[in-house]
Amino acid sequence: MIEREGTGSLERNQRTEFVETDPLIMDTLQVSYTNLPSTESADELQQFLDSSGTLWSTKEEDVVRRKIDVRVLSWLCVMFFVMQINRISIQNVITTSFLEDLGLTQADYSTGQTIYTVAFMIFEIPSQVMQMVVGPVLWLPLETIIFGISAFSQTFVNSKTTHFICRACLGGSQGGYIPGLSFYLTSFYKTSETSLRVAIFWMTMYITNALSALLSTFIFQSSAEQASRYHDWQILFALEGLFTIGIGIISFFMLPSLQSHRISRIFTTREENILRARVILDDRSKSVMFVPRKRLGRLLSKFKLSNFRETFTDVYLLYIFLLGIIGFLPSITSYHFLTIIFHSDLGYSTTEANLLVIPGNLLLVLSMVTVARICDQRHLHFIAPLIAMAWVIPPLAVLIALPATTAATWIRTICVTLLVGFPYYTPTLISWISANSNDAQKRGLAIAIYNVCVQIGNIIAVNTYRQSDKPYYRVGNIGLVVVSIITIGVTMNIRKLYLSENRKRSMIWDSMTDSQRDDYIRDVFADPQQPGNERFDFRLKL
């Protein structure tokens, strides 16, 4: 069943222009509706929409959605798993003799993490462009193999220099991977289905953190018992790197291509048609993912540097980008230093420090999904940062106020675990960006820019807790409380901006006649350069 977004001339006119004036959509519809009844022309499609008829049953669409979950969502979670397990392995190995073996200090560790993050950021946009040119079903597996090789190379580091080089290679090869997976994932789902799937996708990161702690503990203990001539951290790097390369090779055969006539063997011909049609009817901007690669290349040839500049300076997205920089600092600062805090500062053993990582990550998964569901149910994105800041301020305040006594160790452990387990709301912000882009190219660029902003936040985070502030980091935690308050202010400013702009657009739209509205929509579709989220008939989503 196709759900109509509303009634009245606005929706009817949008759908009419959507079908009759956009050649890209028409080309796709000709493929999408093959073998489906009553869709031989745009007029017949419009009649169907106006009469609220059905081209397929709800049961059929449920089957298609479940197959997408099984074939696309589940495998992207596997790919995210191998990316994350290689990204965080450094946090596991620093509980071993890794730093001593290479002659590194905690400051060198922070420098290595900064180098990784900078390289990660530099390749975010180029990787996203490569994915659009080459195609995600080729680029994403290839990128997986490349960073698998980079991860494996860490087995042979023997100095500070080689460590820094390997961190740069790993960061650069993983740059753009997360927005690439996110963009590919959201292309398969309707808007009303996206937030939950993105939340499930992001759950993988924190489930991986917990599993990584268990895996590393097992490997470290096994290598110690076998008295291997290799360091335990070398064995960990080698195994994870080889596993990643294997997943990359398998991914070439697992990812279904939206740009080919045959999407995947698990879909019947009718299910393929339903898959395409339901997504395009829900959000016309996603139709670019269904364009054959040759035509897509011609579309991308029109990409200019100004497209990036316009996306980056889009006032309706800019504040969300800012949230990506500052909104997670109160939690991810502790996350980056978690094993150091438990092992070096609070005195837990290597095994205990790695296992204590698990509760925080499991709590984060639960809180993240809960908040995402609340935002979906209430159709409000801005409440996620507010809930997150209300979560982190109390434990930060306790850490600042606690006296320097041994008796406070268990309280500090609980507070740090609560900080790490906060409701991570990146899935909600990605959904927010997607909902307010209203343009396919802008959506892809905006997700990549947002992830760059998150990496900038990571750079700030790994340099927030200083050696001179050990072991309780009171100065750093005071700064994080200030950042939390600023995040609340930025969030409320976004809400105020959106409400004000929507009121202005409603006044302008209501003052127009039906004929003027028709002419306006026709002009909008005739000018592909016009920003989709500045249209008078588009309402910004809170």
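The values are calculated or read from the model by the stated rules, or taken from the named source; none is laboratory data. No experiment lies behind these values; they were computed from the predicted model shown. Counting neighbours? That spans all protein chains shown, and the Cβs are built from the backbone with ideal geometry, glycine included.
Within the span defined as the stretch 427-443, every residue fails to be of a type in the set (D, E, K, R), surrounded by fewer than 22 Cβ atoms within 10 Å (Cβ to Cβ) and in a helix (DSSP H, G or I). Residues of the stretch 96-123 that are modelled with pLDDT under 85 and within 23 Å of THR204 (Cα to Cα): GLN113, THR117, MET121.
To keep it simple, each residue is scored yes or no on (1) within 24 Å of ILE459 (Cα to Cα); (2) touching a helix residue (DSSP H, G or I) at 6+ places or on another chain (Cβ under 6 Å); (3) crowded, with 21+ Cβ neighbours inside 10 Å; (4) not small (Gly, Ala, Ser).
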| residue | (1), (2), (3), (4) |
| --- | --- |
| THR311 | yes, yes, yes, yes |
| LEU317 | yes, yes, yes, yes |
| ILE326 | yes, yes, no, yes |
| PRO330 | yes, yes, yes, yes |
| PHE342 | yes, yes, yes, yes |
| ASP345 | yes, no, no, yes |
| PRO359 | no, yes, no, yes |
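Select, from ASP469, ASP376, the only residue that is closer than 22 Å to THR333 by Cβ and among the acidic types (Asp, Glu). Going through ASP469, ASP376 in turn, the sole match is ASP469. Screening THR191 on (1) of a type in the set (Val, Ile, Thr); (2) crowded, with 21+ Cβ neighbours inside 10 Å; (3) farther than 23 Å from ASN92 by Cβ shows it passes everything except condition (2).
Look at the stretch 378-402: where a residue is within 29 Å of LYS470 (Cα to Cα) and a partner is of a type in the set (Ser, Thr, Tyr) and not in a helix (DSSP H, G or I), sitting 6+ places away or on another chain with Cβ atoms under 6 Å, you get ALA388/TYR425. Contact annotation: no residue pair with Cβ atoms under 8 Å, 6 or more positions apart or on different chains, pairs a residue in the stretch 225-251 that is within 16 Å of LEU99 (Cα to Cα) with a partner that is of a type in the set (S, T, N, Q) and at pLDDT 95 or above.
The selection criterion, being more than 27 Å from ALA107 (Cβ to Cβ), crowded, with 17+ Cβ neighbours inside 10 Å and small (Gly, Ala, Ser), holds for SER182. How about the stretch 126-138: which of its residues are under 23 Å from ARG167 (Cβ atoms) and at pLDDT 80 or above? Correct list: PRO126, SER127, MET130.
Within the stretch 189-223, being in contact (Cβ under 8 Å) with a residue 24 or more places away in the chain, more than 21 Å from PRO359 (Cβ to Cβ) and either in a loop (DSSP other than H, G, I, E, B) or not hydrophobic (A, V, I, L, M, F, W, C) (or both) holds for TYR189, LYS190, THR191, SER192, GLU193, THR194, SER195, ARG197.
Go through the stretch 246-281 and report how many residues are hydrophobic (A, V, I, L, M, F, W, C), surrounded by fewer than 19 Cβ atoms within 10 Å (Cβ to Cβ) and closer than 22 Å to ILE145 by Cβ.
Within the stretch 246-281, residues that are hydrophobic (A, V, I, L, M, F, W, C), surrounded by fewer than 19 Cβ atoms within 10 Å (Cβ to Cβ) and closer than 22 Å to ILE145 by Cβ number 5.
When the residues of the stretch 96-121 are filtered to those that are in contact with a Phe, Trp or Tyr (Cβ under 8 Å, 6 or more places away or on another chain) and of a type outside the set (A, V, I, L, M, F, W, C), the one that is farthest from ASP232 (Cα to Cα) is THR111. Of all the residues that make up the stretch 444-483, how many are free of Cβ contacts under 8 Å to residues at least 12 places away in the same chain and either buried (at least 21 other Cβ atoms within 10 Å of the Cβ) or in contact with an Asp or Glu (Cβ under 7 Å, 6 or more places away or on another chain) (or both)? So the count comes out to 1. Scanning the stretch 137-171 for residues that are buried (at least 23 other Cβ atoms within 10 Å of the Cβ) and within 21 Å of the chain's Cα centre (by Cα) returns LEU140, GLU143, THR144, PHE147, GLY148, LEU170, GLY171. Counting only helices (runs of 4 or more DSSP H) wholly contained in the stretch 334-401, the ones carrying 3 or more residues that are under 27 Å from the mean Cα position of the chain (by Cα) and in the same structural domain as THR464 (by TED's automatic domain parsing) occupy 357-378, 383-401.
The C-beta contact set for the stretch 147-168 (first residue on the phi < 0 side of the Ramachandran plot and not assigned by TED's automatic domain parsing to the domain that holds GLN234, second residue acidic (Asp, Glu) and at pLDDT below 90, distance under 8 angstrom, 6+ apart or interchain) is empty.
Within the stretch 317-333, the set of residues being in a helix (DSSP H, G or I) and of a type outside the set (A, V, I, L, M, F, W, C) comprises TYR319, GLY324, PRO330, SER331, THR333.
Considered as a group, the residues in the stretch 404-413 that are exposed (fewer than 13 other Cβ atoms within 10 Å of the Cβ) and over 16 Å from VAL475 (Cβ atoms) include one that is nearest to the chain's Cα centre (by Cα), and that residue is TRP410.
For the criterion of being in a loop (DSSP other than H, G, I, E, B) and either more than 19 Å from ASN209 (Cβ to Cβ) or at pLDDT 50 or above (or both), THR34 passes.
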